[in-house]
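Take a look at the structure set out below.
Any read-out appearing in this document is the output of simple, stated calculations on the displayed coordinates, not a laboratory observation. Computed from a predicted model, the values in this text were never measured in an experiment. As a convention, Cβ positions derive from the backbone with ideal geometry for all residues, glycine included, and neighbour counts pool all protein chains shown.
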């Protein structure tokens with residue numbers, strides 16, 4: 001609000017348009033804007049206030065904090081770069097181990113597929129042998145019946161039945177041997193698979209042992225990075241507090257004729273004009289709000 005706005009507002013009050021709440025809201029809003037402008041002034045101006053005796057304490061404190069913050073940021077950048085290098089080394093080791101593990105897993109998968117194929121073959125032989133045993137039992141019953149026959153000559157049929165039984169018995173024996181051999185092959189494959197599992201576990205343990213120091217190193221640096229970031233934030237808070245004090249002081253000296261003060265304020269003419277306008281507007285709105293509350 002400028003002087004014209006103030007006189008219009010006062011005239012409106014005389015007509016009964018008091019608008020007390022709106023005036024206080026305007027004061028609150030402009031006070032916040034003034035604080036923001038003072039904060040910005042302090043942040044911009046503090047590097048140039050070394051010649052102002054009343055701000056020499058803030059200048060040297062801010063200079064020291066700026067130096068600390070720069071050192072902390074350099075330290076953080078260095079730690080981050082070192083961690084990235086260590087992380088890349090860890091990835092290389094992990095990729096190499098994963099390649100070896102994948103190769104073993106592929107071999108294991110192939111062996112297991114072979115074992116499944118052999119077991120399918122065993123099932124087929126067992127099905128065939130079941131039929132052989134069924135036929136053997138049937139012919140054995142037939143032979144027993146033929147032997148009991150007293151009328152007629154069944155010697156030739158008995159002999160053929162015996163031969164068939166012998167052939168079935170031999171076939172059954174072959175199937176049992178084949179099943180035993182195939183199941184032995186499956187057992188060998190299972191043992192080989194167990195060996196591959198142990199080899200994979202060994203690779204994992206070896207990788208863990210080889211990277212333990214590297215992982216610990218990365219964790220230690222990560223902790224230091226977090227601590228350094230916290231220090232940077234703490235320093236930034238201290239800088240903000242001091243620079244705001246600088247901004248407040250300078251904004252209260254906008255009409256100060258001292259050359260050292262004028263030299264600094266003249267650098268930020270537009271910002272100083274805004275601070276001047278906000279101060280005046282706050283005063284006008286406060287006067288109108290107090291008048292309206294009467």
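The long axis of helix 56-148 is offset from the longest Cα principal axis of the chain by roughly 20 degrees. Approximating the spin labels as points 7 Å out from Cα along Cα→Cβ, the residue 283-to-residue 94 distance works out to 6.6 nm. For the chain, the longest principal axis of the C-alpha atoms and the axis of helix 269-293 are separated by about 80°.
Mean separation of Cα pairs under 8 Å and 6+ residues apart, divided by the residue count of the chain: what relative contact order is that in percent?
52
With 10 angstrom as the radius, rank 60, 24, 46 by how many other C-beta atoms surround their C-beta, starting from the fewest.
Lowest to highest Cβ neighbour count: 60, 24, 46.
Each peptide in 147-158, 179-190 was scored by the mean count of other Cβ atoms within 10 Å over its residues; highest first, the order is 179-190, 147-158. Out of [x] 23.8; [y] 15.8; [z] 37.3, which label holds the value of mean projected area of the Cα convex hull in nm² that was computed here? Only one listed value fits the structure, namely [z].
Among 264, 116, rank each residue by its count of other Cβ atoms within 10 Å, from fewest to most, as a rough exposure measure.
Placing the least packed residue first, the sequence is 116, 264.
Put in line by how crowded their Cβ is, counting other Cβ atoms within 10 Å and starting with the fewest, 67, 239, 43 read 67, 43, 239.
Between residue 28 and residue 73, what is the label-to-label distance in nm when each label sits 7 Å out along the Cα-to-Cβ direction? Once both label points are built, they end up 3.7 nm from each other. On C-alpha positions alone, give me the angle between the axis of helix 20-45 and the longest principal axis of the chain, in degrees, nearest 10. Taking the Cα atoms of the chain, the angle to 20-45 is about 80 degrees.
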